[in-house]
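Participant: Shown below is the structure under consideration.
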Amino acid sequence: MSQFELSELRASSVWNLYRMRERIQVNPDYQRSGEIWSMDKRRLLIDTVLNGFDMPKIYLHKFPRSKIIKGVTYDYAIVDGRQRLETLWSFIAGKIELSDDFEYYADPTIKANGMTYGDLAQNHPDLKTDFDNFTLNVIAIETEEQDLIEEMFSRLNEAVPLSAAEKRNARPGPVPKNTRDLCAEPFFVQKLPFNNKRYRHFDLAVKFIYNEQRGVVSDTKKAYLDRFALEHENESRVKKLAGYTAARKTVEEMANIFVDNDPLLRSIGMVMLYFHLFRLARNENWLDKITRRKLLSFDKRRIDNRKRAEEDITSASYDLLEFDRYAQSPNDAVALKFRLQVILKVVFGIDRTMESL
């Protein structure tokens, strides 16, 4: 039976939480990327606190013993409420100002619109004190069972639309850790020209592992990846999945060809296609045929073909037009196989049937 205790955190004013911030881990593995809130939403939260309105509970995981992570000592980790806490801390740090239409309902004569925390301290010290003393409803969860914390995170966030990758990252079992480990490879860290916001890297990584595990070009729609995570969730978190090592070897080869922040990788669909190209070449021992120059040339050829089609579609390559059209279905196995078939033929002179891919 799972062992955990819930308790209200004492001394949970805004100011006390700010003073504690260096002991609170904001990005445990199950968390989503920060900065999802718009500036308007963040300002609205500050407005809520200054006007004394109620705020939803914040949940922290209280570690049984302090943890040292990358040289920093933590006593807590945020389970739910990251954006709220980071918004409050950013306001105190002077990174957010009140909205232009801010109104203090207790005394409408106070004009604080557009002010920063420092401005409040200078012009309206009582209002600044009220902000500091505002009590947050913080629940501390005491448990040593990480799976329980991840399950609670997932449940608490069901009211907020998480991306499919975020939900999978919060599940028990080895899929989340294998995904995170793969994302630490240089290909993800250095070569991709987009960040991991809403776990875009994680989404790619789990697709890589899933495809390597199946050994063929496979559908990577949400239902299939969710089932993949579910099938493994009763296994050890630290188990290496059957497709992990092969996926790591493939992305290592990709990192040798692509440059940092490579514009060739700006499209998720093309990243998946290149992955399958390198996977196939690695398995069949012709990696030496792949060069970035060839991939650039193919990219330019597609662009030129689209221009030609605009002027006279009969003079354009039908296969290349279909290649571009199928880019709209990056998770569909049939679309991926067709695109892989085209790039193999056009760039490398390799004829393959879709069934063989």
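The values are calculated or read from the model by the stated rules, or taken from the named source; none is laboratory data. The structure presented is a predicted model; accordingly, all values stated were derived computationally and were not measured. Quick reminder, even Gly has a Cβ in these numbers, built from the backbone with ideal geometry, and neighbours come from all protein chains shown.
Quick grid of which residues meet (1) in a helix (DSSP H, G or I); (2) among the small types (Gly, Ala, Ser); (3) surrounded by 15 or more Cβ atoms within 10 Å (Cβ to Cβ):
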position: 236; (1), (2), (3): no, yes, no
position: 241; (1), (2), (3): no, no, yes
position: 252; (1), (2), (3): yes, no, no
position: 259; (1), (2), (3): no, no, no
position: 275; (1), (2), (3): yes, no, yes
position: 278; (1), (2), (3): yes, no, yes
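Participant: Also, quick follow-up: State yes or no: is residue 337 assigned by TED's automatic domain parsing to the domain that holds residue 206, among the basic types (Lys, Arg) and farther than 21 Å from residue 220 by Cα? Lay out the reasoning, then the answer.
Facilitator: Values: assigned by TED's automatic domain parsing to the domain that holds residue 206: yes; among the basic types (Lys, Arg): yes; farther than 21 Å from residue 220 by Cα: no.
No.
Participant: Would you call residue 63 farther than 19 Å from residue 146 by Cα and of a type outside the set (Gly, Ala, Ser)? Quick ask: steps written out before the conclusion?
Facilitator: Working: farther than 19 Å from residue 146 by Cα: no; of a type outside the set (Gly, Ala, Ser): yes.
Answer is no for this residue.
Participant: Filter the stretch 271-312 down to the residues that are farther than 26 Å from residue 209 by Cα and out of contact with any helix residue (DSSP H, G or I) (no Cβ under 8 Å at 6 or more places or on another chain), then identify the one that is modelled with the highest pLDDT.
Facilitator: Selected residue: 293.
Participant: Conditions first: (1) within 27 Å of the chain's Cα centre (by Cα); (2) closer than 21 Å to residue 40 by Cβ. Residue 79 passes all but one, so which condition is the exception?
Facilitator: Of the numbered conditions (1) within 27 Å of the chain's Cα centre (by Cα); (2) closer than 21 Å to residue 40 by Cβ, the odd one out for residue 79 is (2).
Participant: OK, next. Among the residues of the stretch 231-253, what is the count of those that are more than 16 Å from residue 177 (Cβ to Cβ) and not β-branched (Val, Ile, Thr)?
Facilitator: Taking the stretch 231-253 as the starting set, the residues that turn out to be more than 16 Å from residue 177 (Cβ to Cβ) are 246, 249-253.
Going one step further and asking which of them are not β-branched (Val, Ile, Thr), we end up with 246, 249, 252-253.
Residues meeting the conditions: 4.
Participant: Quick one: in the stretch 87-135, of everything that is among the hydroxyl-bearing types (Ser, Thr, Tyr) and more than 24 Å from residue 26 (Cβ to Cβ), which residue is surrounded by the fewest Cβ atoms within 10 Å (Cβ to Cβ)?
Facilitator: Filtering the stretch 87-135 for residues among the hydroxyl-bearing types (Ser, Thr, Tyr) gives 87, 90, 99, 104-105, 109, 116-117, 129, 135.
Still in the list and also more than 24 Å from residue 26 (Cβ to Cβ): 99, 104-105, 109, 129.
Numbers: 99: 16, 104: 19, 105: 11, 109: 5, 129: 13.
The residue in question is 109.
Participant: Among the residues of the stretch 50-100, what is the count of those that are basic (Lys, Arg) and not in a strand (DSSP E or B)? Don't jump to the end; show me each part of the working.
Facilitator: Step one: filter the stretch 50-100 for residues basic (Lys, Arg), giving 57, 62, 65, 67, 70, 82, 84, 95.
Next, from what is left, pick out any that are not in a strand (DSSP E or B): 57, 70, 82, 84, 95.
Residues in the stretch 50-100 being basic (Lys, Arg) and not in a strand (DSSP E or B): 5 in total.
Participant: If you don't mind, another one. Quick check: anything in the stretch 19-40 loosely packed, with under 13 Cβ neighbours inside 10 Å, within 27 Å of residue 202 (Cα to Cα), without any contact (Cβ under 8 Å) to a residue 60 or more places away in the chain and touching a strand residue (DSSP E or B) at 6+ places or on another chain (Cβ under 8 Å)?
Facilitator: Within the stretch 19-40 (the criterion being loosely packed, with under 13 Cβ neighbours inside 10 Å, within 27 Å of residue 202 (Cα to Cα), without any contact (Cβ under 8 Å) to a residue 60 or more places away in the chain and touching a strand residue (DSSP E or B) at 6+ places or on another chain (Cβ under 8 Å)), the answer is yes, since at least one residue qualifies.
Participant: Restricting the stretch 102-160 to residues that are assigned to a loop (DSSP other than H, G, I, E, B) and charged (D, E, K, R), which is modelled with the lowest pLDDT?
Facilitator: Residues of the stretch 102-160 that are assigned to a loop (DSSP other than H, G, I, E, B), as a first pass: 102-116, 124, 134, 136-137, 143-145, 160.
Then drop every residue that is not charged (D, E, K, R), which leaves 103, 107, 111, 144-145.
Numbers: 103: 88, 107: 87, 111: 92, 144: 81, 145: 77.
Residue satisfying both the conditions and the ranking: 145.
Participant: Exactly one of these conditions fails for residue 231: (1) within 16 Å of residue 173 (Cβ to Cβ); (2) crowded, with 22+ Cβ neighbours inside 10 Å. Give me its number.
Facilitator: (2) is the only condition that residue 231 fails.
Participant: A further question follows. Just to be sure before I move on: is residue 206 under 19 Å from the mean Cα position of the chain (by Cα) and either at pLDDT 80 or above or in a helix (DSSP H, G or I) (or both) in the structure I sent?
Facilitator: yes
Participant: If you take the residues in the stretch 43-76 that are under 23 Å from the mean Cα position of the chain (by Cα) and at pLDDT below 90, which one is surrounded by the most Cβ atoms within 10 Å (Cβ to Cβ)?
Facilitator: Among them, the one singled out is 69.
Participant: For the stretch 188-199, indicate whether the set of residues that are crowded, with 24+ Cβ neighbours inside 10 Å and of a type in the set (A, V, I, L, M) is non-empty.
Facilitator: The answer is no, given that none of the residues of the stretch 188-199 is crowded, with 24+ Cβ neighbours inside 10 Å and of a type in the set (A, V, I, L, M).
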